[in-house]
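Notes follow the structure.
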There are 2 protein chains.
Amino acid sequence: MTYSRTACQALDAADPLAALREQFDLPAGIIYLDGNSLGARPKAALTRAQHVITQEWGKDLIKSWNTAGWADLTKRLGDKLAPLVGALPGEIVVTDTTSVNLFKALAAALALQADAPARKVIVTERHNFPSDIYMAEGLAGWLERGHTVRLIDTPDEIPAAIGLDTAVLMLTHVNYRTGYQHDMAALTALAHQHGAVTVWDLAHSAGAVPMDLHGAQADFAVGCTYKYLNGGPGAPAFIWVPQRHQGTFHQPLSGWWGHASPFSMASAFAPCDGIGRALCGTQPIVALSLVECGLDVFAQTDMAALRAKSLALTDLFIALVEERCAGHPVELVTPRAHARRGSQVSFTHPHGYAVMQALIERGVIGDYREPHIMRFGFTPLYTSFTDVWDAVDILRQVLDEQAYDVHAARSAVT
Amino acid sequence: MTYSRTACQALDAADPLAALREQFDLPAGIIYLDGNSLGARPKAALTRAQHVITQEWGKDLIKSWNTAGWADLTKRLGDKLAPLVGALPGEIVVTDTTSVNLFKALAAALALQADAPARKVIVTERHNFPSDIYMAEGLAGWLERGHTVRLIDTPDEIPAAIGLDTAVLMLTHVNYRTGYQHDMAALTALAHQHGAVTVWDLAHSAGAVPMDLHGAQADFAVGCTYKYLNGGPGAPAFIWVPQRHQGTFHQPLSGWWGHASPFSMASAFAPCDGIGRALCGTQPIVALSLVECGLDVFAQTDMAALRAKSLALTDLFIALVEERCAGHPVELVTPRAHARRGSQVSFTHPHGYAVMQALIERGVIGDYREPHIMRFGFTPLYTSFTDVWDAVDILRQVLDEQAYDVHAARSAVT
């Protein structure tokens, strides 16, 4: 293939998803390749927020718990999200944070192992998103029953790490730094073969890659709505509990929204049937409402179409960087194999942080993760092939001109 | 005193806080006495949301973690809230839900008792807000170390319920049903005398009554921003950890926002210094931002002035109901003593649910709690003395005319 900006424009012209970009408010002059950190704003989010604030909160006030559906919003959003991840209606709630939901899921997974007291180990990756490891350590330490977290260094160590001592295999489906995608079905089968329960973090895969939680026979999953799902900064996260585990689902954050009859104000906790028992406290309605605006864009397409474009975008980005930035010390850390790739591409560069700052100054927004990793996220809902061309063109200029400050001060949050 | 609508209008004319009502968007034709459930909307919340959504999220995207102060928002809001409850800067974060924060505070309180293994009891009230009891049960049950929750029936049983077996005294400062206000300083002193640690839930008192957490030497506190603080439906809650306990504050929800260096992406958890260690996951920024709009109204007055008006409003309401509804079976359950009263008034009526529905239909918004309790919340920021007169006038009409349907169907959420 010969690459050119004209060829990329032709790809855009032929892209059946191209029109969806119009539903997002993207700033002029910016190529936004950080949707894997914070998804862009659906235009509908503004009018939705205005309605929730002025009418539902301002005018209807407390009545809106019933009349505006606030009371069921966590479940209604979960049902809208379900088809994107291979879940059924009534299996997901959008609530709390990914970390808090992971705590619930891990606790419930350990509860499933209550009859196997020798299973004390939570297996996960050292390069998993750190908060997942911290939550597992927090839970294990606090239980004081000898649970430990076993950290493996590379995915190929997983089979040897799971055994008779393993309670839970806890993995993030797509790695936040490298974009490596685990084989959910194979690893779940492996875990089950050894008597372990699986907990999947879908933060970097929900809305980014197709998946089939039921087909994989996964046990529990949590995920994020503010990355590929475009729900808004820090928007509430989600938790999936399949029907087969709902009857035995128990977790210590047993707040009133998980009660069978919250407004009877009984002093003893009795969990409700169904996914509601994964709820705890009252949710931030304004932020929660905006999650629907992102999901409504997904309802106009499907994950197969999005995946086809995502792979085309990431293939193109990899090929262009390797061709046009040849001679510079950029190294691909994201898998080339489609089956092992999420919807981001990461390259290392010895001055990765400084190069990324220079890119941002020139309007190409990616981000940086230690060590040396420049991350570029590709959101097929709004990223064009021309964006990819232009981003690589600017990267090439920055590298050729050495137009980066190797002493650039780090921001608080990158 | 002789009561009349004209006299109430005179009170409003002399009210130094009357002008603050203009900062709220109150629906026409409604007397809103449910700010103890969902505070009314500050007008500023709309423009703030529009800015956060269009500029901070839409245009500045991921940069806003630094440039718009998203990364420090939980702490900045905590500092604004601190003077309302007698806390110092750096002691409060606005984050998560009241239930989740209570879990953290309770876990930290039990950790403080680690050297006293015989202290296994969490003392609280049977009529505490149920979610608080559920969270304590959830924590105690999962620890599997023999912790139990001891429920007492009335506040005067507290002294006898605290002893050598008591780890924590966990109380809601103002009761959600009755409006009874505990003596925080006296009960904290009592708990400390017996070696117990105190956890206070300020859901119905923050922004409603003056308090001095430091003066009372309280140990931990949590609270709600969507009631008297007018932060928006389900807005994130808060947790207070005094400086003297911050160094030893440990809780199992050890997410990355509580890490000393979250973006170093270390695989081992190391808590940060200070109140940040009460944080866990990424917070819903749009909802969190609106909390500031409510707090900014409080910054224009002080809790002493608000308390003076609150007591005048609740005194007036009690006197008017007892005078003008005499002969009907309404009974006051809120304490008459000022020191024991929050900023709400509750009356029982045998058909309390039906009467409340009739009031709502006629534009007086209070709410109902089992059994038989009609709750009326008074928010001195926007409730007028004439509102009180008119509300009682409509209550009198409803009762005199028996204009309520004793078979009224219950809503999902009331």
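Just the Cα atoms of the stretch B:322-374, one point each, no solvent: what log10 I(q)/I(0) does Debye give at q = 0.15, 0.28, 0.29 Å⁻¹?
-0.44, -1.18, -1.20
In nm, what does the list of distances from B:PRO89 to its counterparts in the other copies look like, shortest first, when each label sits 7 Å along Cα to Cβ?
Shortest to longest, the spacings are 5.3 nm.
By the scheme Lys and Arg +1, Asp and Glu -1, what is the net charge of all other residues having a beta-carbon under 15 Å from that of A:ALA44?
Numbers: positive: A:ARG21, A:ARG41, A:LYS43, A:ARG48, A:LYS80; negative: A:GLU22, A:ASP25, A:GLU292, A:ASP296.
Residues near A:ALA44 contribute +1 overall.
Under the rule of at least 5 residues apart or a separate chain, name every residue whose amide H is placed under 5 Å from the amide H of A:VAL330.
none
I need the calculated FRET efficiency for the pair B:ALA18 and B:ASP393, taking r as the beta carbon distance and R₀ as 22 Å, to the nearest 0.05. Don't jump to the answer; show the numbers that get you there.
On the way: r = 20 Å, r/R0 = 0.92.
The pair B:ALA18/B:ASP393 has a calculated efficiency of 0.65.
So what is the 222 nm mean residue ellipticity for chain B from helices alone, if each DSSP H run of at least 4 adds -39500 (n - 2.57) and you divide by all residues, rounding to the nearest 500 deg cm²/dmol?
-10500 deg cm²/dmol, from helical runs alone.
Picking from A:LEU143, A:LEU81, A:LEU290, which is most flexible by a Gaussian network model of chain A using Cα springs under 10 Å?
A:LEU143
Hull surface divided by four, with the convex hull built on the Cα atoms of the stretch A:158-234: how many nm²?
Its average projected convex-hull area is 5.4 nm².
Along the Cα-to-Cβ line of B:ASP212, 7 Å from the Cα, sits a label point; which residues in the stretch B:168-188 have backbone N less than 11 Å from it?
Of the residues in the stretch B:168-188, B:185 have backbone N under 11 Å from the label point off B:ASP212.
Does chain B classify as rounded, prolate or oblate by the C-alpha gyration tensor (a ≥ b ≥ c root eigenvalues; a/c under 1.5 gives rounded; else a/b over b/c gives prolate, otherwise oblate)?
Oblate is the answer for chain B, as a/c is 1.5 or above yet b/c matches or exceeds a/b.
At q = 0.16, 0.18, 0.22, 0.31 Å⁻¹, what is the log10 ratio I(q)/I(0) for the stretch A:165-210, with the Debye formula run over Cα points and no solvent?
Each listed q corresponds, in turn, to -0.43, -0.53, -0.73, -1.10.
How many angstrom lie between the Cα centre of the stretch A:288-311 and the Cα centre of the stretch A:374-406?
24 Å
What does the charge count around A:ARG324 come to, taking other residues whose C-beta lies under 11 Å from its C-beta (Lys +1, Arg +1, Asp -1, Glu -1)?
Local net charge: -3.
Hey, could you get me the Stokes-Einstein D for the stretch B:235-388, Kirkwood radius over alpha-carbon pairs, 37 °C and 0.692 mPa s, rounded to whole µm² s⁻¹?
170 µm²/s
Provide the percentage of antiparallel DSSP beta bridges, counting only those with both residues in the protein assembly as shown; round to the nearest 5. List each step's numbers first, then the result.
Numbers: 42 of 78 bridges.
About 55 percent, rounded to the nearest 5.
Note down the accessible area of B:GLU361, probe 1.4 Å, to the nearest 10 Å².
Accessible surface of B:GLU361 is approximately 150 Å².
Once the whole set of protein chains is in place, how much accessible area is left on B:ASP302, using a 1.4 Å probe, in Å² to the nearest 10?
Its heavy atoms expose roughly 80 Å² to the probe.
For the stretch A:29-85 and the stretch B:190-229, what is the separation of their Cα centres, given in Å?
33 Å
How far is B:TYR3 from itself in the other copies, in nm, if each label sits 7 Å out from Cα along the Cα-Cβ line, shortest first?
Relative to the other copies, B:TYR3 has label-point distances of 7.9 nm.
Show me, bin by bin at 20 Å from 0, the whole-percent P(r) of the protein assembly as shown based on Cα pairs.
Cα pair-distance distribution for the protein assembly as shown, in percent: 16, 47, 29, 7, 0.
State the Kirkwood hydrodynamic radius of the stretch B:160-289 in Å, one decimal place, computed from all pairs of distinct Cα atoms. Intermediate values should be presented prior to the final figure.
Details: mean 1/r = 0.0613 Å⁻¹.
Across the stretch B:160-289, the inverse of the average 1/r is 16.3 Å.
Hey, with R₀ at 35 Å, roughly what FRET efficiency would B:THR2 and B:ARG244 work out to, going by the Cβ-Cβ distance, to 0.05?
Here the calculated transfer efficiency is 0.10.
Counting only protein heavy atoms, probe 1.4 Å: which residues of the stretch A:19-51 lose 20 Å² or more of accessible surface in the full assembly compared with their chain by itself?
A:ASP25, A:PRO27, A:TYR32, A:LEU38, A:ARG41, A:LEU46, A:GLN50
Taking a point 7 Å out from Cα toward Cβ as the label site, list the nm distances between B:SER267 and the same residue in every other copy, smallest first.
4.8
Would you list the P(r) distribution for the stretch A:107-163, with all Cα-Cα distances sorted into 5 Å bins from 0 and each bin expressed as a whole %?
P(r) over the stretch A:107-163, rounded to whole percents: 4, 19, 28, 25, 18, 6, 0.
With each label point set 7 Å from Cα along the Cα-Cβ vector, what nm distance links A:ALA304 and B:ASP153?
Here the modelled spin labels are 6.6 nm apart.
Leaving ligands and nucleic acids out of the surface, order A:ASP25, B:ASP115 by accessible area at 1.4 Å, largest first.
Descending accessible area places them as B:ASP115, A:ASP25.
DSSP H helices in chain B with Cα extent of 24 Å or more along the helix axis and mean Kyte-Doolittle hydropathy at least -0.5? It would help to have the intermediate numbers written out before the result.
Details: long enough: B:303-324 (30 Å, 0.75).
Helices meeting the span and hydropathy rule in chain B are B:303-324.
Rounded, prolate or oblate: pick one for the stretch B:60-102, where a ≥ b ≥ c are the square roots of the eigenvalues of its C-alpha gyration tensor, a/c under 1.5 means rounded, and failing that, prolate if a/b is larger than b/c, else oblate.
oblate
Per-residue accessible area for A:ILE162 at 1.4 Å probe radius, Å² rounded to 10?
10 Å²
Taking all pairs of distinct Cα atoms, average 1/r, flip it, and tell me the Kirkwood hydrodynamic radius of the stretch B:266-353 in Å to one decimal place. Don't skip to the answer; put the middle values down first.
Working: mean 1/r = 0.0569 Å⁻¹.
That comes to 17.6 Å for the stretch B:266-353.
Quick check: convex hull of the Cα atoms in the stretch A:25-107, volume per residue, rounded to a whole Å³?
Roughly 144 Å³ of hull volume per residue.
At 7 Å along Cα-to-Cβ for each site, give me the label-to-label distance between B:GLN9 and B:ARG145 in nm.
Result: 6.5 nm between the two label points.
Rank B:THR314, B:THR67 by accessible area, highest first, at a 1.4 Å probe radius?
Values: B:THR314 0, B:THR67 100 Å².
Per-residue accessible area, sorted high to low, gives B:THR67, B:THR314.
Once you list every other residue whose beta carbon is under 11 Å from the beta carbon of B:HIS173, what net charge do they have if Lys and Arg are +1 and Asp and Glu are -1?
Overall, the nearby charge balance is -2.
Enumerate lysine pairs in the stretch B:55-166 that are 8 or more residues apart or on different chains, then count those whose Cα atoms are under 30 Å apart. Don't jump to the answer; show the numbers that get you there.
Working: B:LYS59/B:LYS75; B:LYS59/B:LYS80; B:LYS63/B:LYS75; B:LYS63/B:LYS80; B:LYS75/B:LYS104; B:LYS80/B:LYS104; B:LYS104/B:LYS120.
Taking the Cα cut-off of 30 Å, the pair count is 7.
Need one number: the % of Cα-Cα pairs in the stretch B:67-166 sitting beyond the 20 Å mark.
Above the 20 Å cut-off, the stretch B:67-166 has 52 percent of its Cα pairs.
Under the 0.36 nm per residue contour assumption, what length would be gained going from the current alpha-carbon distance of B:ALA260 and B:HIS192 to full extension?
Full extension of this stretch gives 21.4 nm more.
When only C-alpha pairs under 8 Å and at least 6 residues apart count, what is the relative contact order of chain B, in percent?
22 percent
Direction-averaged shadow area of the convex hull around the Cα atoms of the stretch A:299-414, nm²?
Approximately 7.7 nm², given one-decimal rounding.
Output the direction-averaged projected area (hull surface divided by four) of the convex hull of the alpha-carbon atoms of the stretch B:1-141, in nm².
Average of the hull's projected areas for the stretch B:1-141 equals 15.1 nm².
Can you give me the distance in nm between label points at B:ALA268 and A:GLN50, each placed 7 Å from the Cα along the Cα-to-Cβ direction?
5.3 nm
Excluding the sites themselves, what is the longest stretch of chain B that contains no trypsin sites (Lys or Arg not before Pro) in a DSSP loop with at most 11 other C-beta atoms within 10 Å?
Details: sites that count: B:ARG336, B:ARG410.
It runs B:1-335.
Please name the residues of the stretch B:99-142 whose accessible area, counted over protein heavy atoms with a 1.4 angstrom probe, falls by no less than 40 Å² between the chain alone and the full protein assembly.
Listed in order, they are B:VAL100, B:PHE103, B:PHE129, B:TYR134, B:MET135, B:TRP142.
The values are calculated or read from the model by the stated rules, or taken from the named source; none is laboratory data. Keep in mind it's a predicted model, so treat the numbers as computed, not measured. For neighbour counting, all protein chains shown are included, and Cβ atoms are generated from backbone atoms with ideal geometry for every residue, glycine included. The protein model used for the area step is the full one, side chains on, heavy atoms only, and it has no ligands, DNA or RNA in it. Shrake-Rupley method; radii C 1.70, N 1.55, O 1.52, S 1.80 Å.
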